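Notes follow once the structure below has been shown.
The values are calculated or read from the model by the stated rules, or taken from the named source; none is laboratory data. Predicted model, so just to flag it, every value in this text is computed and none were measured. With ideal geometry, Cβ positions are generated from the backbone for all residues, glycine too; neighbour counts draw on all protein chains shown. Keep in mind that these areas ignore ligands, DNA and RNA; they rest on the heavy atoms of the full protein, side chains included. Shrake-Rupley method; radii C 1.70, N 1.55, O 1.52, S 1.80 Å.
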Amino acid sequence: QVGGFSAESNMEIRPLQELKGRTVEIDRQWVVNPDAESLVSVATRQENHLVVNNDISDAGIAVQTCGISINHVIAGNKCARAGGFRAMGLNYGGVQPTWFCQFLANEIVEGNGGVARSANFTPSDSLLAVVGQELPGVDVAMARCTVARRNHLHSNARVELTGTVRDAVVELNTIENARVGIVVEDTVAGALVRENRFVNVRKPLVKTGPRK
């Protein structure tokens with residue numbers, strides 16, 4: 001698949017017809033033609049996956065989307081000591097963003113754990129996380145239009161929006177018994193965070209600078 005996108009709003013994907021060296025033939029024209037500022041990536045695409053009503057425990061990560069993840073729905077899953085749920089736009093083997101994924105009514109029952117591993121990071125707590133890797137010299141959002149709605153996080157789990165995330169919606173979630181409820185880095189643009197419920201959460205909403 002070929003994905004073309006810019007730092008602003010145009011995002012398009014086309015199936016490959018033919019690939020010869022650095023010459024790519026796509027199945028139809030772009031709606032908005034790429035220009036000198038556009039970024040084009042050729043990579044394998046995941047699309048329209050449903051991950052529904054699973055019970056996951058004592059695992060690295062319960063559900064993680066990465067590798068051009070488009071239009072996935074992760075709903076009604078439950079995890080304990082399993083790292084949580086993550087949508088990740090990364091640059092490995094090509095630029096591979098995550099677009100239009102939804103996390104709906106999932107539950108993190110036990111948020112603490114020491115085995116969670118996500119990419120090169122080893123967090124000690126479970127997260128519902130949206131991550132956009134920053135690309136040096138390239139102004140593009142790697143994670144766009146993610147929705148986290150009606151999830152229930154217990155026992156030191158939290159929501160995080162980090163890196164080049166744009167146009168995320170975090171609403172109607174319940175977070176209980178945690179040091180921090182929701183973390184939004186200052187690299188995130190256009191996040192809508194509203195009507196979330198916090199019970200015994202020391203810092204419900206934290207805005208931070210990018211991680212070093």
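Have a look at the DSSP beta bridges in the chain and tell me what percent are antiparallel, nearest 5. Intermediate values should be presented prior to the final figure.
On the way: 17 of 78 bridges.
So the antiparallel bridges in the chain amount to around 20 percent.
Taking R0 as 45 Å, what FRET efficiency do you get between Gln29 and Lys207 from their Cβ-Cβ distance, rounded to the nearest 0.05? It would help to have the intermediate numbers written out before the result.
Working: r = 41 Å, r/R0 = 0.92.
About 0.65, to the nearest 0.05.
Hey, any idea what % of the chain's accessible area is carbon plus sulfur with a 1.4 Å probe? If you can, show how the numbers build up before the last one.
Numbers: 5020 of 10540 Å².
Carbon and sulfur: 48 percent of the exposed surface of the chain.
Each label point is 7 Å from the Cα along the Cα-to-Cβ direction; what then is the distance between the points at Gln17 and Glu110, in nm?
Label at Gln17, label at Glu110, 5.5 nm between them.
Taking amide H positions as placed in the peptide plane 1.01 Å from N, state which residues far from Ala178 in sequence (5 or more) or on other chains have amide H under 5 Å from it.
For Ala178, whose amide H was placed from the backbone, the distant partners under 5 Å are Asn156, Val201, Arg202.
What does the C-alpha gyration tensor say about the overall shape of the range 3-110? Classify as rounded when a/c is under 1.5, otherwise prolate if a/b is larger than b/c, or oblate. Don't skip to the end; give the middle numbers.
Working: a/c = 2.70, a/b = 2.50, b/c = 1.08.
Because a/c hits 1.5 or more and a/b exceeds b/c, the range 3-110 counts as prolate.
With unit charges on the beta carbons (Lys and Arg positive, Asp and Glu negative) and the dipole taken about the Cα centre of the chain, which residue among Leu128, Thr23, Leu39 sits farthest to the positive side?
Toward the positive end, the furthest listed residue is Leu128.
Given springs between every Cα pair under 10 Å in a Gaussian network model of the chain, which of Thr65, Thr44, Thr164 has the largest fluctuation?
Top of the fluctuation ranking is Thr44.
Pop out the ³J(HN,Hα) list for the range 152-160 in order, Karplus 6.51 cos²θ - 1.76 cosθ + 1.60 with θ = phi - 60°, rounded to Hz; leave Gly and Pro as x.
Going residue by residue, I get 10, 10, 10, 6, 6, 7, 8, 9, 9 Hz, with x marking Gly and Pro.
Among Val170, Val73, what's the order by accessible area (1.4 angstrom probe), most exposed first? Spell out each step's value before the answer.
Values: Val170 0, Val73 35 Å².
Sorted descending by solvent-accessible area, the residues read Val73, Val170.
Can you list the residues, at least 5 places off or on another chain, whose amide H is less than 5 Å from the amide H of Ala129, using H built in the peptide plane?
Counting only residues 5 or more places away or on other chains, the set is Phe85, Arg86, Ala87, Glu160.
How do the peptides 77-88, 180-191, 148-159 rank, highest first, by the average count of neighbouring beta carbon atoms within 10 Å per residue?
Numbers: 77-88: 24.7, 180-191: 18.7, 148-159: 22.2.
Result, highest mean Cβ count within 10 Å first: 77-88, 148-159, 180-191.
Per residue of the range 17-33, what does 6.51 cos²θ - 1.76 cosθ + 1.60 with θ = phi - 60° give for ³J(HN,Hα)? Whole Hz please, x for Gly and Pro, Karplus curve as stated.
Result, ordered by residue: 8, 7, 10, 10, x, 9, 9, 10, 10, 9, 6, 7, 5, 5, 5, 10, 5 Hz.
How big is the accessible area of Asp58 in square angstrom, nearest 10, if you roll a 1.4 angstrom probe over the protein chains?
Accessible area of Asp58: about 100 Å².
With θ set to phi - 60°, apply the Karplus curve 6.51 cos²θ - 1.76 cosθ + 1.60 along the range 129-138 and write out the HN-Hα couplings as whole Hz, x wherever there is a Gly or Pro.
Per residue, the Karplus-derived 3J(HN,Hα) values read 10, 10, 10, x, 5, 7, 9, x, x, 10 Hz.
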